[in-house]
Every structure is written in C-alpha cells, then in structure tokens.
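Participant: Quick one: structure below, then a few questions.
The values are calculated or read from the model by the stated rules, or taken from the named source; none is laboratory data. In this text the structure is predicted, and so the values were computed from the model without any measurement. Positions of Cβ are generated from backbone atoms using ideal geometry, with glycine treated the same way; all protein chains shown enter the neighbour counts.
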Ligand SMILES: Nc1nc2c(ncn2[C@@H]2O[C@H](COP(=O)(O)OP(=O)(O)OP(=O)(O)O)[C@@H](O)[C@H]2O)c(=O)[nH]1
C-alpha cells in the first residue's frame, strides 16, 4: 500500500519517489506521471533491481550491480523518438523517457549482506557464486518478486512493460504474478561492450535513443559509486560466466567464441 509520495527537485530520471510496503489490501493506485501513450511510443521501461551494498555503494569490482543500476536509470531517462508527433512544423520529435526503477531490499540475492560476505570468502577459495551460496545452506537465489509486482500494480504499470533484465527467473516470477512483459531488454555489461563492440547495447533494441557518445572506457554519468565507469576484471567475468552457465542468464558468452 502506498505509504508516501515525495516530490523532488527536478532530477535526471525521477519525477517522484514512491515508497511502498507490503501491507495489503491496497486502497489506491498511484499513477506514475508518464508521458501519454500514443502511436509508436514504446511501453514503459522497467528495472527491478535488488540491493547490492558492495556493488552500488562501495564500488566493488566483483559484480555489475552498480553499473546496472546506473545504466537502468540512464536508459529510462533517455528521450524517446516519436515520429507521429513530428507531423506539425516545430512539434517535438521526442518525448521524455518513461519507466521506473523498482528497488528491492533483497541484498545478496536474498541472503543478506553478512551471508554474502561469507559467500565472497568462499569465492576467494575458488568456489563460484552459486556453490558458495549452497555451501552456506542457502539457495542459489532466495528472492521473491511479489512485492515488485504489487508496486507495479500500484503504479498501474502491470499492463505491458519492457523489462530490463538478463534473468529468466525474474521474467517468469513476474509473469506468474500477472505482469504483462511485452519485451525483455537485455543488459550487456559495459566491460563486455567495450571489449566486443558487436554486442548489442542495452536499450537499443527498440524505441530508445542510445547515446554511444560516452567518454574514455565507456564512461557515463551515474548515481552510484561506479557511476561514470564500468566494472571490469577477472572476478566480474567469472561471476557473469556463472550467471550465464549456472543460472541461465540470457547473455551471449562472447568470449567463448573461437574468434575472440
Ligand atoms: N549471494 C550473492 N549475491 C550476490 C553476489 N553478487 C551480487 N549479488 C547480489 O545479486 C543481486 C543482483 O540482483 P539484480 O541486480 O536484480 O540482478 P540479477 O537478478 O542478477 O539479474 P539482472 O536483472 O539481469 O541484473 C543483488 O542482490 C546483489 O547483492 C554474490 O556473489 N553472491
């Protein structure tokens, strides 16, 4: 149920912050002030993001969580070209980006920060991110998406969204909750984009302006400590590889190809 709505000074991506808790039954729906839908306007772009203190706040190079949050905010705020608007002389050819980041307090894929740090110790001994969780008596991923679905319903965003994710479980869980996902938009890690420019950039699939005009080493603005930069290194590659090979994440493992 919506417990509060704060308006903020104009910021890159947000017209408002909406706080929610899991206290059904919901009594009212807060409709996000999105640009009106018209012909050719893509469905809202949604990122459902789980908390990662290490990746977002202290700039860890072990995972891509920080850059994913920044990238999601950037993509959602990109202006959308709308050809149907530009028939009149002087009419704008774009509308503001439309979408939302739903931030879930599910640190460490739901096992909490302390257990995640213990899992990192096991990863330092050579275990991958899945095995480390299992060795600690946890599931590989203990998250749920009921609250995310409730928030999307509260925001009247359950009826056709584009979801920014590589995670098939997230897609499936939201569909089970009754969400209509019209498109999955993949998020290619920035370091992979930099090393293989042929990989499709996130958000470039349809209806989204994708500025490739970043600075050196893929730098862009951002809200997290990673913000203007990309995560890179052996730890990250191992982590992403495990996500693809053991968790079914839908990312091309380009470095596996013989030409690379
Ligand atoms: N247990 C554990 N959790 C991790 C590790 N690295 C990152 N995380 C957590 O993994 C979660 C990442 O969640 P999301 O950003 O929603 O991403 P995802 O489910 O991997 O899938 P995408 O939507 O494709 O990004 C966060 O809660 C992080 O804290 C790790 O090595 N071990």
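Participant: State all residues of the range 159-183 that are surrounded by fewer than 19 Cβ atoms within 10 Å (Cβ to Cβ) and part of a loop (DSSP other than H, G, I, E, B); if no residue qualifies, say none.
Facilitator: The answer is 177, 178.
Participant: Which one of these does residue 63 not meet: (1) part of a loop (DSSP other than H, G, I, E, B); (2) in contact with a strand residue (DSSP E or B) (Cβ under 9 Å, 6 or more places away or on another chain)?
Facilitator: The failed condition is (2).
Participant: Those residues that are touching a residue at least 12 places away in the same chain (Cβ under 8 Å) and within 13 Å of the ligand (Cβ to nearest atom), I need them from the range 163-181; list them, please.
Facilitator: 163, 164, 165, 166, 167, 168, 169, 170, 171, 173, 174, 181
Participant: Could I ask something else about it? Would you call residue 126 more than 22 Å from residue 240 (Cβ to Cβ) and away from the ligand (no atom under 11 Å from the Cβ)?
Facilitator: When the stated conditions are applied, residue 126 does not pass them.
Participant: How many residues are part of a helix (DSSP H, G or I) and modelled with pLDDT under 95 when one looks only at the range 85-129?
Facilitator: The qualifying residues number 3.
Participant: Just one of the numbered conditions (1) more than 30 Å from residue 233 (Cβ to Cβ); (2) modelled with pLDDT of 60 or more is not true of residue 61; which one?
Facilitator: In the conditions (1) more than 30 Å from residue 233 (Cβ to Cβ); (2) modelled with pLDDT of 60 or more, residue 61 misses (1) alone.
Participant: In addition: Here are some conditions: (1) modelled with pLDDT of 95 or more; (2) within 21 Å of residue 105 (Cα to Cα). Residue 150 meets all but one. Which one does it not meet?
Facilitator: Evaluating residue 150 over (1) modelled with pLDDT of 95 or more; (2) within 21 Å of residue 105 (Cα to Cα) leaves (1) as the failure.
Participant: Name the single residue that is surrounded by the most Cβ atoms within 10 Å (Cβ to Cβ) among those in the range 130-147 being more than 24 Å from residue 177 (Cβ to Cβ) and more than 9 Å from the ligand (Cβ to nearest atom).
Facilitator: 131
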